[in-house]
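Notes follow once the structure below has been shown.
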Amino acid sequence: MNVAFDPWIPVVTTSGKPDLASLCDVLAKGEQFVDLAVRPHERVALMRLFLCVAHAALNGPKDYDEWCEAPERLPEAVQKYLTDWKGSFELFHKEKPWLQVAGLSKAAKGETPQIATEDWTPVSKLNFSFATGNNTTLFDHGGMSENRNITLGETLLSMLTFQCFSPGGLISQVYWNGKQSGKSSKDGPCVPASMIHAFLRGKNLSGTIYLNLPTYEDILFSYGERDFGKPVWEMMPTSMTDSVRVENATATYVGRLVPMTRLICLHPSYERMLLGDGLVYPPFTAGFPPEPTATVVIIQKGGEEERAILSYQPTKALWRELAAVVVKRKAEGPGGPLSLRAIQDGKGCDLIVAALARDKATIVDVVESVFHVPSRLHSNEGTVTYDAEVKTAEATASRLGWAVEIYRKEIDHGWEGRLKGAGPGKWTLKAKLHSIATSHYWTTVEKKLQLLMSHIEAIGTDAAIPTREAWRKMLFSFACEAYRISCGQETPRQMRAFAKGWQKLTVARDEPERNINKTTEVKV
């Protein structure tokens, strides 16, 4: 199979039909496809591959002028580049299989038989949705089957994604040129801190790739004086001690786009593989620049401010983090994805936000949302207002939680004792208590997110105050609805408890608001 010219990438055509496309077709004929048809983390991995090939084919774009010419130049440049490097994209090449190491072995002398596969790892381990290793069997009914049917295209997509998102932990050992790999592995470049990734979305797949293609000037802005680098298949390391090629793969912008976090060699049957620890990719916490799709925020730690990668929390929907994601990145400062630098002032955009949440070596959740970002949200006034209104929504959720807790205390006099007995775990216990009400509240609020976007667009106009009031009235209405759903009123005791909780929920609404929630009209 050739990764460049054989179809394996799930796409949606302009007619709305699912299909498979080759890497060359996506980059050269992207206007024929509306979008990818993949999971959130797979989208991130594929976009990194597309950008890597585009940079290599164009040898740029070096500046804004070349970036403007990229849509016209890219189709022909990609076809020529992929034809020239066709051999390096063969998945089962005897000497240089794509994104793999041909010389892997289970034995120190490299005598692993190519037919016997008892000691080889099933390729199902590459797919985070399959029941294998630490992954749950809850939604995978094929987990116990020895004859799981996994196509080669699915394995290829999973392998690419695994290289980007594989979390660190214990791993099998293999030999590469007689040297054994380690028992433990480091994180792939896209998974530390459960980072949130964001991409601009175009009218079709070609437009999406173009909008997310940074110029070398933008890369220099973020990566400093480091080399731009080359794709790993152009400078494949021959061993862990091949310092020049390893540095290209792990410490340059282009080299890191398609990583080799794990040493992999697929069996010709493509049902099993050799798997071991691969190259180490320095993370943001080690002083390396943030990934081009990540968001940097300022946090308080030990009474001091420091930069950190914006993390995804499964209990917090992505729209609540949008104020941080839409900020244009500045040198050594906070900001969202590098691609936002291509958005001109006064222009809105569509933004795809995706994340994979992990708990140590366990994958917890994957999520993706698409937002239309109004032009006002790119301004300082817009982000401040948006963040303030998100805090208003969170304050309403807190009041809802307090009301539910008051209800519980009134009908269960042993509740406070259980909280004291839970010690540090009392917050988890409280979260479980609030979950029915708060889950309903946040779900219904997200359905009305357009009210908040309308308020952001109205900043500086006569509609600013009315749209803000519409948003806040909606928050209160849904909080009351969630309280009614979660707290019964069937007995006199429940009715008394309901009344006390209701008083807490509704009276708090009339209390003076904190300054951070104050929204004023901005004159322009």
Gain upon complete extension [Asp412, Arg226; 0.36 nm per residue less C-alpha separation]: 60.7 nm
Between Val507 and Ser375, what FRET efficiency follows from the Cβ-Cβ distance if R0 is 60 Å, with the result rounded to 0.05? 0.95
Roughly what % of Cα-Cα distances in the range 380-517 sit above 17 Å, to the whole percent? 63 percent
Two-site label geometry, Asp359 and Ser184: point separation in nm, points 7 Å out along Cα→Cβ: 2.0 nm
Calculated FRET efficiency, Lys447 and Phe5, Cβ-Cβ r, R0 35 Å, to nearest 0.05? 0.20
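Order of 260-267, 296-303, 36-43 by packing, highest average Cβ count within 10 Å first?
260-267, 36-43, 296-303
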What 222 nm value per residue comes from the helices of the chain, counting each DSSP H run with n ≥ 4 as -39,500 (n - 2.57) and dividing by all residues, nearest 500 deg cm²/dmol? -12500 deg cm²/dmol
For the chain, cysteines whose Cβ has no other cysteine Cβ within reach (under 4.7 Å): Cys24, Cys52, Cys68, Cys265, Cys349, Cys480, Cys487
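Whole number please: convex hull volume per residue, Cα atoms of the range 296-378, in Å³.
In the range 296-378, the Cα hull volume divided by residue count equals 119 Å³.
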Computed from these coordinates, which is Cα Rg over 2.2 N^0.38 Å: (i) 1.04; (ii) 1.09; (iii) 1.24? (ii)
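Grab the Cα-Cα distance for Thr83 and Lys420, subtract it from 0.36 nm times how many residues apart they are, and report the gain in nm with one decimal.
114.5 nm
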Nearest 10 degrees is fine. How inclined is helix 492-507 to the longest principal axis of the chain, computing both from alpha carbons? 80 degrees
One finds, for Gln173 and Glu490 with R0 = 60 angstrom and r their Cβ-Cβ distance, a FRET efficiency to the nearest 0.05 of 0.45
For Arg201, distant residues with modelled amide H under 5 Å away: Asp350, Leu351, Ile352
Crossing angle, helix 380-411 versus the chain [Cα axis fit, 0-90 degrees, rounded to tens]: 60 degrees
How much length would be gained if the chain were fully extended between Lys500 and Glu394, taking 0.36 nm per residue of separation minus their Cα-Cα distance, in nm to one decimal? 36.0 nm
May I ask you to evaluate 6.51 cos²θ - 1.76 cosθ + 1.60, the Karplus curve with θ = phi - 60°, for each residue of the range 474-487 and list the ³J(HN,Hα) values in order in whole Hz, giving x for glycine and proline? 5, 4, 5, 4, 6, 5, 5, 4, 5, 5, 5, 5, 8, 10
Order by neighbour count: Glu76, Glu217, fewest other Cβ atoms within 10 Å first, most last. Glu76, Glu217
Please identify which residues in the range 31-55 have an amide N closer than 11 Å to a label point set 7 Å out from the Cα of Asp350, following the Cα→Cβ vector. 34-36
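Read the figures in this text as sums done on the coordinates, not as results from a lab. Remember, it's a predicted structure, so these values are computed and weren't measured experimentally. Backbone-built Cβ (ideal geometry, glycine too); neighbour counts: all protein chains shown.
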